[in-house]
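The values are calculated or read from the model by the stated rules, or taken from the named source; none is laboratory data. Because the structure is a prediction, the values reported are computed rather than measured. Because the Cβ atoms are built from the backbone with ideal geometry, glycine has one as well, and the counts that use them run over all protein chains shown.
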Amino acid sequence: MTGSAPRLRLPARALVPGAARGRLLVLAEPLSLWGGLDPASGRIIDRRHPQAGARVSGRVLALPHGRGSSSASSVLLEAVRLATAPAAILLAESDPILALGAAVARELYGRGPPVVVLDGDGFGRLEDGGEVAVVEGGERVILC
C-alpha cells in the first residue's frame with residue numbers, strides 16, 4: 001500500500017472479525033470451494049469458473065457469495081492449515097459456511113481470514129487487483 005490517503009471507506013459487517021491487507025481478487029461468479037479450490041495450491045480448479053487457475057493465496061478474495069456444498073468450510077480450513085488461504089474474504093451476501101471455516105481455523109490454528117459482508121453497494125465498488133484493507137474488527141473496508 002502506498003502512503004497516499006485511502007480512496008474510499010466502505011461500511012461492512014464482520015461474520016468473522018479481524019484485520020487484513022492485500023490485493024483484491026474479485027470473482028465474477030460465486031465459487032464452491034468444495035471441488036472449486038485446491039487447498040494445496042490455493043488455485044481455483046473449477047474449469048467452468050471464469051477465473052479458473054487464479055490463485056487466492058494471500059489475496060483479499062471478493063465473491064458475491066459461496067456456492068454449493070457445506071464441505072466448503074473444510075476446504076477453507078485446510079487452506080488455512082496449508083497457508084494457501086485468502087488473507088480475507090469479502091462478500092456481497094452473508095455466507096455462514098465460509099464464516100464457519102474461518103472461525104474453526106481460528107480455533108484450531110490461531111489464524112484465519114476475516115470474513116466480512118459489505119453493506120449497500122460496496123461490493124460493486126471493488127476493483128480486481130486493487131489494494132484493500134479490512135479494518136480490525138471488520139467494520140470497514142478501505143480501498144487504497
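Taking the conditions (1) modelled with pLDDT of 95 or more; (2) over 23 Å from ARG111 (Cα atoms) in turn, PRO39 satisfies each one other than (2).
Among the residues of the stretch 41-92, the one identified as among the basic types (Lys, Arg) and under 10 Å from LEU31 (Cβ atoms) is ARG67. Taking residues in the stretch 72-88 that are under 14 Å from LEU108 (Cα atoms), and partners anywhere that are charged (D, E, K, R) and modelled with pLDDT of 95 or more, the pairs with Cβ atoms closer than 8 Å and at least 6 places apart or on different chains are VAL80/ARG111. ALA52 fulfils the conditions (1) at pLDDT 95 or above; (2) within 13 Å of the chain's Cα centre (by Cα); (3) not aromatic (Phe, Trp, Tyr) except for a single criterion, (2). Residues that are part of a loop (DSSP other than H, G, I, E, B) and either in contact with a helix residue (DSSP H, G or I) (Cβ under 7 Å, 6 or more places away or on another chain) or in contact (Cβ under 8 Å) with a residue 60 or more places away in the chain (or both) were ranked within the stretch 20-33; the one that is surrounded by the most Cβ atoms within 10 Å (Cβ to Cβ) is LEU33. Being closer than 23 Å to GLU29 by Cβ and basic (Lys, Arg): is that true of ARG125 here? Yes: the conditions hold for ARG125. For the stretch 100-134, a residue qualifies if it is modelled with pLDDT of 95 or more and part of a helix (DSSP H, G or I), and the qualifying residues are LEU100, GLY101, ALA102, ALA103, VAL104, ALA105, ARG106, GLU107, LEU108, TYR109.
Results for (1) crowded, with 20+ Cβ neighbours inside 10 Å; (2) at negative phi, shown as yes or no for each residue.
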residue: GLY18; (1), (2): yes, no
residue: GLY35; (1), (2): no, no
residue: ASP38; (1), (2): no, yes
residue: ARG43; (1), (2): no, yes
residue: ALA52; (1), (2): no, yes
residue: ARG59; (1), (2): yes, yes
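Within the stretch 66-98, being surrounded by fewer than 16 Cβ atoms within 10 Å (Cβ to Cβ) and in a loop (DSSP other than H, G, I, E, B) holds for GLY68, SER69, SER70, SER71, LEU82, ALA83, GLU93, SER94. The single condition among (1) in contact with a Pro (Cβ under 9 Å, 6 or more places away or on another chain); (2) buried (at least 18 other Cβ atoms within 10 Å of the Cβ) that VAL117 does not meet is (1).
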